[in-house]
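Colleague: There's a structure below that I have some questions on.
The values are calculated or read from the model by the stated rules, or taken from the named source; none is laboratory data. In this text the structure is predicted, and so the values were computed from the model without any measurement. Reconstructed Cβ throughout: ideal geometry from the backbone, glycine too, with neighbour counts over all protein chains shown. All accessible areas refer to the heavy atoms of the entire protein, side chains included, with ligands and DNA or RNA removed. Shrake-Rupley method; radii C 1.70, N 1.55, O 1.52, S 1.80 Å.
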Amino acid sequence: MVESHTADEREEVLQEDADTADVLVIGSGIAGCAAALAAARDGADVLLVTKAERPEDASTDWAQGGIATSRDDPDSLKQDVIAASDGTADPEAVDVLVEEANDAVRDVLLETLEVPFDTADEPSEAAERDPGSVPGDEFDYGREAAHSDRRILHVDASTGSHILRPFLNHLDSRDDVRIREDTAALELITHEGRVHGALLDSAPTGEPVYAGATILATGGIGACYPRSTNPPDATGDGIAMGALAGADVEDMEFVQFHPTAFDPDAAADDDTAGSDAAAPAGAEGRGSDIFLLSEALRGEGAILVNGEGERFMPDYHEDAELAPRDVVARAVDREREATGEVRLDVSPLPFAEEFPGLVDLCEDHGVDWAAGIPVAPCEHFLCGGVAVDDRGRATLDRLYAVGECARTGVHGANRLASTSLLEGLVWGLRAGEDAADRTADVAVEPVEAPELLNRDPDLPERFAAEKFVRLRRVMDEHVGLRRDPEGLRRASAVLRRLKGEVDAYIRTRTSRDLYELRHASVTALLVARAASEREESVGTHYLVDSDTDSPATESSHAGD
């Protein structure tokens with residue numbers, strides 16, 4: 001557990017006229033939207049609060065590849081999920097995922113939101129065998145790394161935006177769902193082991209909102225790393241709030257790095273790249289020009305070549321470019337180190353015709369994609385988080401977590417491609433329904449909530465930004481793709497000191513950027529501690545000898 005150190009500085013206040021809801025959802029990605037929809041369908045009054053001011057501020061909107069389905073073979077998907085996890089996924093959790101996949105996709109994405117997934121010229125063989133077993137018989141199913149079959153629904157390479165935007169519009173049209181944008185949750189309100197809502201930043205000293213059930217759906221932790229495919233405000237809020245309130249967290253060491261994010265540093269040195277491609281990392285230490293090159297590209301035949309023009313993945317894994325993500329990411333990292341760069345060669349497929357959105361992104365960044373797209377690994381997804389059961393229930397009463405901030409057991413040590421949207425959808429629906437059922441006919445009663453203090457002068461200019469640079473540097477150097485025990489110990493020590501500095505300021509100041517820094521420092525410390533405690537390599541957690549940089553331990557996904 002991570003201690004707060006701040007409650008003793010505050011007064012407890014009771015606001016009987018505060019806003020209330022049967023179900024409070026914090027976050028507006030696919031998991032939060034699914035939870036809000038399910039709870040509203042079940043008769044609950046739902047309040048959804050989100051830091052986002054527009055859809056692209058949510059992680060779901062950034063999702064490219066698609067959403068996996070079971071089609072007519074759920075057992076095949078189950079085996080792929082478990083294999084990609086290096087054998088660490090919870091089989092019972094995976095059963096929930098694969099058994100409810102098709103119904104969830106059909107109900108929400110096809111029938112309710114009418115998402116325009118890409119279609120095929122002819123019906124699939126699976127659909128012809130059993131048309132009722134799959135979401136539809138006309139779709140152009142894709143295949144991505146570590147999948148044994150084509151089962152992924154997609155819209156070009158921008159699936160997330162085609163799901164999230166109609167989802168938010170649908171919720172906004174419902175009378176039983178209220179949405180408050182540009183609103184951050186700062187702390188959970190707890191009393192005697194039960195969560196009663198959250199303090200929001202809509203008032204100078206925090207606005208309490210009380211709820212019969214609170215669902216965390218705050219997304220990932222990309223802001224803890226200098227290179228990430230996450231939105232800039234993915235600061236681990238839900239995980240930190242849950243941990244500080246006393247909820248269990250698990251599997252925090254398993255941070256997945258996507259192997260093929262655009263590498264603006266390589267593009268800057270490339271004569272074929274325009275001047276815009278060389279834009280430096282943002283002032284706060286995050287790359288501003290990074291974008292994801294969907295795994296669907298490799299599923300359709302794209303290959304990885306090193307700085308000497310050689311294809312290398314067959315030397316690392318029998319599935320070559322379609323090996324599990326952790327294997328491919330480490331291989332790309334090794335080849336960049338050895339040969340200077342790695343490029344994604346898209347010449348084997350009709351790139352412009354099949355992925356026009358990615359073509360536009362390349363051209364916007366001055367990249368001649370025909371010459372190969374420079375890529376590098378990039379933080380992408382946290383497999384762990386707030387520990388929950390098959391209904392999304394955390395270890396604190398009336399607290400739920402769904403989506404990337406939750407640890408459901410589905411992903412284990414490494415996530416299978418295109419299962420994050422599916423997990424968010426399935427667990428969001430289950431959590432929303434359960435939360436509504438548990439709060440039915442039960443009045444929401446306000447309890448005493450901590451009053452945050454905002455009495456001291458403003459923070460030093462750029463305090464939070466400079467601390468974030470320090471945090472990201474430590475995470476990048478010591479808690480990245482390759483880790484060693486001494487580096488993890490050093491990272492934990494630095495992060496403990498950083499958290500202490502932030503706590504000292506937060507005792508008497510209330511601001512969103514300060515709380516985001518606090519949440520990120522708590523989350524980063526949880527990742528470093530968990531990594532320090534796991535002494536063997538598995539999945540995304542890869543230990544090396546600090547002197548030789550060779551593997552300290554082996555796993556079935558070692559790959560190098």
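Colleague: Express the relative contact order of the stretch 285-411 as a whole percentage, based on alpha carbon pairs under 8 Å and six or more residues apart in sequence.
Modeller: On the way: 149 pairs, mean separation 25.2, N = 127.
Reported relative contact order: 20 percent.
Colleague: What spacing in nm lies between the two simple spin-label points modelled at ARG462 and SER173, each 7 Å away from Cα in the Cβ direction?
Modeller: Here the answer is 4.7 nm between the modelled labels.
Colleague: Further question: Just how much of ILE221 is accessible, in Å², when a 1.4 Å probe is used and the result is rounded to the nearest 10?
Modeller: Roughly 0 Å² of ILE221 is accessible to a 1.4 Å probe.
Colleague: Same structure, new question: Give, in whole angstrom and from largest to smallest, the semi-axes √(5λ) of the equivalent ellipsoid of the stretch 510-549, with λ running over the eigenvalues of the Cα gyration tensor.
Modeller: Result for the stretch 510-549: semi-axes of 30, 10, 8 Å.
Colleague: Starting from the Cα gyration tensor of the chain, multiply each eigenvalue by 5, take the square root, and state the resulting semi-axes largest first in whole Å.
Modeller: With the √(5λ) rule applied to the chain, the semi-axes are 36, 29, 21 Å.
Colleague: Quick check: the distance between the Cα centres of the stretch 158-225 and the stretch 329-385, to the nearest angstrom?
Modeller: Rounded to whole Å, the Cα centres lie 33 Å apart.
Colleague: How much of the calculated P(r) for the stretch 178-224 lies past 12 Å, in percent of all Cα pairs? Don't skip to the answer; put the middle values down first.
Modeller: Values: 727 of 1081 pairs.
Looking at the stretch 178-224, the distances longer than 12 Å represent 67 percent of pairs.
Colleague: Accessible area per residue for the chain in Å², computed with a 1.4 Å probe and the full protein assembly in place, what is it? Working shown, then result.
Modeller: Numbers: 20770 Å² over 560 residues.
I get 37 Å² per residue for this part.
Colleague: Using Cα-Cα distances under 8 Å and only pairs 6 or more residues apart, what relative contact order does the stretch 323-394 have, in percent? Please report the intermediate quantities before stating the final value.
Modeller: On the way: 43 pairs, mean separation 25.3, N = 72.
So the answer I get is 35 percent.
Colleague: For the stretch 152-216, would you read off the P(r) tail past 18 Å as a percentage of all alpha carbon pairs?
Modeller: Here the tail beyond 18 Å accounts for 56 percent of pairs.
Colleague: Here is a further query. Given the DSSP H assignment, sum -39500 (n - 2.57) over each helix run of at least 4 residues in the chain and divide by its residue total; what's the result at 222 nm in deg cm²/dmol, nearest 500? Numbers along the way, then the final one.
Modeller: Numbers: 16 runs with 186 residues, N = 560.
Helix contribution divided over all residues of the chain: -10000 deg cm²/dmol.
Colleague: Points 7 angstrom from Cα along the Cβ direction at GLU138 and GLU477: gap in nanometres?
Modeller: 5.7 nm
Colleague: Given a cut-off of under 8 Å on Cα pairs at least six residues apart, what relative contact order in percent is computed for the chain?
Modeller: Value for the chain: 23 percent.
Colleague: Output the Kirkwood hydrodynamic radius of the stretch 403-444, Cα pairs only, in Å rounded to one decimal. Can you show the working numbers first?
Modeller: On the way: mean 1/r = 0.0850 Å⁻¹.
This gives a value of 11.8 Å.
Colleague: Something else: With a 1.4 Å probe and all protein chains left in place, how much of the accessible area of the chain comes from carbon and sulfur atoms, in whole percent? Working shown, then result.
Modeller: Working: 8600 of 20770 Å².
Percent of accessible area from carbon and sulfur atoms in the chain: 41.
Colleague: Using only the heavy atoms of the protein chains and a 1.4 Å probe, how would THR50, THR395, THR20 rank by accessible area, largest first? Walk me through the intermediate numbers first.
Modeller: Details: THR50 10, THR395 80, THR20 55 Å².
My answer, sorted largest first, is THR395, THR20, THR50.
Colleague: For the pair THR339 and ALA203, what calculated FRET efficiency results from E = 1/(1 + (r/R0)^6), where r is the Cβ-Cβ distance and R0 = 56 Å, to the nearest 0.05?
Modeller: 0.55
Colleague: Let me test this: with uniform point scatterers at the alpha carbons of the stretch 294-388, what is the Debye-based log₁₀ I(q)/I(0) at q = 0.10, 0.13, 0.21, 0.24 1/Å?
Modeller: -0.29, -0.47, -1.09, -1.33
Colleague: Can I ask one more? How much accessible area does GLU99 have with a 1.4 Å probe, in Å² rounded to the nearest 10?
Modeller: About 130 Å², ignoring ligands and nucleic acids.
Colleague: Another question, then. How are the alpha carbon pair distances in the stretch 61-111 distributed across 5 Å bins from zero to the largest one, expressed in percent?
Modeller: Reading upward from the zero bin: 4, 20, 25, 23, 18, 8, 1, 0.
Colleague: Please compute, over every Cα-Cα pair in the stretch 336-420, the percentage with a separation greater than 20 angstrom.
Modeller: Roughly 57 percent, once rounded to a whole number.
Colleague: Just name one of GLY372, GLY242, GLY87: the one whose Cα is farthest towards the positive end of the charge dipole of the chain (beta-carbon charges, Lys/Arg +1, Asp/Glu -1).
Modeller: GLY242
Colleague: What FRET efficiency would be calculated for the residue pair ASP17, ASP441, taking the C-beta separation as r and a Förster radius of 22 Å, to the nearest 0.05? Present the calculation step by step, with values, prior to reporting the outcome.
Modeller: On the way: r = 23 Å, r/R0 = 1.03.
Rounded to the nearest 0.05, the efficiency is 0.45.
Colleague: Further question: Over the alpha-carbon set of the stretch 192-273, divide Rg by the Kirkwood Rh and report the Rg/Rh ratio to two decimals.
Modeller: With Rg and the Kirkwood Rh in hand, the quotient comes to 1.15.
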